[in-house]
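Taking it in order: structure first as structure tokens, then the write-up.
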Amino acid sequence: MKETIEVYTGESVTIEHLDALPGGGARFELTTEDGRKWHVDVTRDGATEIVTSWRDGVLADLDEPEWLGDVASRLARG
């Protein structure tokens, strides 16, 4: 299931749950309207690890978005 939220920067971020992680937590796909996408592992306590990132469908080494901590906290609570 996909959900789109607006983060504090005003960007819309689409969140899709991809898979449960062994030992707890989950992997999510986070996509922004400008063509950036991240696969992020989120632990139960909200810690994050960027697994892979893309820009316009091409693998890219994107920086961690400034809003990632807030999104991860929401996901860990949910």
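The values are calculated or read from the model by the stated rules, or taken from the named source; none is laboratory data. Given the structure is predicted, the values throughout are model-derived calculations rather than measurements. Counting neighbours? That spans all protein chains shown, and the Cβs are built from the backbone with ideal geometry, glycine included. To get the accessible areas, we keep the full protein, side chains included, count just its heavy atoms, and leave off ligands, DNA and RNA. Shrake-Rupley method; radii C 1.70, N 1.55, O 1.52, S 1.80 Å.
Treating only the Cβ of Lys, Arg, Asp and Glu as charged (+1, +1, -1, -1), what charge dipole size does the chain show about its Cα centre? Round to the nearest 20 debye. Please report the intermediate quantities before stating the final value.
On the way: 8 positive and 17 negative charges, 63 e Å.
I would put it at about 300 debye.
Across region 1-43, how large is the tail of the calculated P(r) beyond 13 Å, expressed as a percent of all Cα pairs?
Numbers: 495 of 903 pairs.
When all Cα pairs of region 1-43 are counted, 55 percent exceed 13 Å.
Assuming R0 = 25 Å, can you tell me the calculated FRET efficiency for the pair residue 58 and residue 20, based on Cβ-Cβ distance, to the nearest 0.05?
Given R0 = 25 Å and the Cβ-Cβ separation, E is 0.35.
What is the angle, in °, between the Cα long axis of helix 68-77 and the longest principal axis of the Cα atoms in the chain? Nearest 10 is fine, range 0 to 90.
For 68-77 against the chain, the angle is about 30 degrees.
Show me the three semi-axes of the equivalent ellipsoid for the chain, from the C-alpha gyration tensor (sqrt of 5 times each eigenvalue), largest first, rounded to whole Å.
Working: eigenvalues 69, 42, 25 Å².
Equivalent ellipsoid semi-axes, largest first: 19, 14, 11 Å.
First select every other residue whose beta carbon is under 13 angstrom from the beta carbon of residue 58; then total the charges, Lys and Arg +1, Asp and Glu -1.
Values: positive: 36, 37, 55; negative: 56, 61.
It works out to a net charge of +1.
Rounded to the nearest percent, how much of the accessible area of the chain (1.4 Å probe, protein heavy atoms only) is carbon and sulfur?
On the way: 2160 of 4910 Å².
For the chain, the apolar C and S fraction of the accessible surface comes to 44 percent.
If you count only protein heavy atoms with a 1.4 Å probe, what accessible area per residue comes out for the chain, rounded to a whole Å²? Could the numbers behind the result be given before it?
On the way: 4910 Å² over 78 residues.
Here the residues of the chain average 63 Å² of exposed surface.
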